[in-house]
Ligand SMILES: Nc1ncnc2c1ncn2[C@@H]1O[C@H](COP(=O)(O)OP(=O)(O)OP(=O)(O)O)[C@@H](O)[C@H]1O
Ligand SMILES: [Mg+2]
């Protein structure tokens, strides 16, 4: 049986969610070497960047399938959405040697509670049980909670940077998760892109707002360099300062 552990990476825009999600996959796989661990990477941002960070390409998204199924169901109400979607989702999951990638694409609207969407969400929930870890690279902000993408997760990594806005987004995420009674078992605040010497200040600032920073990933010039040159983040050297920070997170959540 697989672990079925779900880890969502959330936070303000541009804080480093995608970079952390991508490299977290590599670090978990390295730490679990020889243990037959299976990971599902989910790009839940409509502006999909995770495939690039992983050095992968994709053709279709879950959103594409949903749109066409909604149209088909409109034409033929007897259509069996469950079996149709199950068949089609398997075909769009991109497979790497040690992990799979699912790109969600265009999200359903917050008020979209039609039966088709319900069935699709259930199938994706079930899918995560076939993996030891599912890493969800979320869109920026809070919508993923109200859309239910991240309602039932084991760990939500909330990524902050050196901006007050990122602290405010972290606070809102916490509040909304409570308000909607989301089943987020653990919320872990991660400060990313922190210049040397600013660590204590970040911890203190966050504390003023009631937030505990549990891990700090330093500013690492290699990440913007890789991003700029289009080199996948998963190819960062093992001793890069950012990678060492992400490895500590992997250890803490495995
Ligand atoms: N530890 C780091 N050190 C230096 N730069 C970083 C670090 N982490 C991320 N970056 C840079 O910050 C920018 C945003 O990173 P990334 O795209 O991973 O953030 P994001 O939170 O996924 O953004 P979005 O909200 O747009 O999806 C990129 O230019 C990336 O190169
Ligand atoms: Mg991103």
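Kindly establish whether residue 57 is at pLDDT 90 or above, more than 22 Å from residue 126 (Cα to Cα), part of a loop (DSSP other than H, G, I, E, B) and more than 16 Å from ligand 2 (Cβ to nearest atom).
So residue 57 passes the test.
Between residues in the stretch 135-152 that are under 20 Å from residue 101 (Cα atoms) and part of a strand (DSSP E or B) and residues that are away from ligand 2 (no atom under 12 Å from the Cβ) and at pLDDT 85 or above, which pairs lie under 6 Å by C-beta distance while being six or more apart or on different chains?
So the pair list comes out as 135/7; 135/24; 135/25; 135/41; 136/8; 136/42; 138/8; 152/183.
Quick check on my filter: what residues within the stretch 127-146 are at negative phi and within 16 Å of ligand 2 (Cβ to nearest atom)?
135, 136, 137, 138, 139, 140, 142, 143, 144
Go through 164, 160, 127 for me and flag whichever is out of contact with any strand residue (DSSP E or B) (no Cβ under 6 Å at 6 or more places or on another chain) and modelled with pLDDT of 95 or more.
164
Which one of these is within 12 Å of ligand 2 (Cβ to nearest atom), over 12 Å from the mean Cα position of the chain (by Cα), buried (at least 17 other Cβ atoms within 10 Å of the Cβ) and not in a loop (DSSP other than H, G, I, E, B): 52, 27?
Going through 52, 27 in turn, the sole match is 52.
Considering each of 32, 41, 10 in turn, give the residue that is modelled with pLDDT of 95 or more, more than 18 Å from residue 230 (Cα to Cα) and more than 16 Å from ligand 2 (Cβ to nearest atom). Spell out the reasoning first.
Working: 41 fails: more than 16 Å from ligand 2 (Cβ to nearest atom); 10 fails: more than 16 Å from ligand 2 (Cβ to nearest atom).
32 is the lone residue from the list that is modelled with pLDDT of 95 or more, more than 18 Å from residue 230 (Cα to Cα) and more than 16 Å from ligand 2 (Cβ to nearest atom).
Results for (1) closer than 25 Å to residue 37 by Cβ; (2) in contact (Cβ under 8 Å) with a residue 40 or more places away in the chain; (3) not in a strand (DSSP E or B), shown as yes or no for each residue.
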residue	(1), (2), (3)
159	yes, yes, no
172	no, no, yes
197	no, no, yes
215	yes, no, no
237	yes, no, yes
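Take the stretch 68-92 and flag every residue that is surrounded by 15 or more Cβ atoms within 10 Å (Cβ to Cβ) and either free of Cβ contacts under 8 Å to residues at least 24 places away in the same chain or farther than 21 Å from residue 42 by Cα (or both). Outline the logic, then answer.
Filtering the stretch 68-92 for residues surrounded by 15 or more Cβ atoms within 10 Å (Cβ to Cβ) gives 69-70, 73, 81, 84-86, 88-89, 92.
Those that are surrounded by 15 or more Cβ atoms within 10 Å (Cβ to Cβ) and either free of Cβ contacts under 8 Å to residues at least 24 places away in the same chain or farther than 21 Å from residue 42 by Cα (or both): 70, 73, 81, 84, 88.
The values are calculated or read from the model by the stated rules, or taken from the named source; none is laboratory data. Small disclaimer: the values here were computed from a predicted structure and weren't measured. Positions of Cβ are generated from backbone atoms using ideal geometry, with glycine treated the same way; all protein chains shown enter the neighbour counts.
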